[in-house]
Amino acid sequence: YNITSNMLGAASKYISNLRFYVDAQNPLTITSFKGTDPEVVTGGTYKSGKAEYPQTRTFSVGIKASF
């Protein structure tokens, strides 16, 4: 969301623009699939075992202010 200086009221003397953001990548996995995640299967071996890794979940929240 962008908040411009005309929406900030008295704070517009100090802040010209505010931006709030929220981002989520892979927040939920809903499946009955029992195998490994097909997006991360490497197909090779690593120290006598497969080198699969779980999908990561990433959440970001931030504020950017312009003065």
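Taking a probe of 1.4 angstrom, what is the accessible area of Leu28 in Å², to the nearest 10?
That residue has around 140 Å² of solvent-accessible surface.
Can you pull the one-decimal nm distance between simple spin-label points at Tyr1 and Ser60, each 7 Å off the Cα toward Cβ?
Going from the Tyr1 label point to the Ser60 one covers 2.0 nm.
The values are calculated or read from the model by the stated rules, or taken from the named source; none is laboratory data. Just so it is clear, the structure is predicted and the values come from calculations on it, not from any experiment. Here the Cβ is made from the backbone with ideal geometry for all residues, glycine too, and neighbour counts use every protein chain on show. These accessible areas exclude ligands, DNA and RNA; they are computed on the full protein's heavy atoms, side chains included. Shrake-Rupley method; radii C 1.70, N 1.55, O 1.52, S 1.80 Å.
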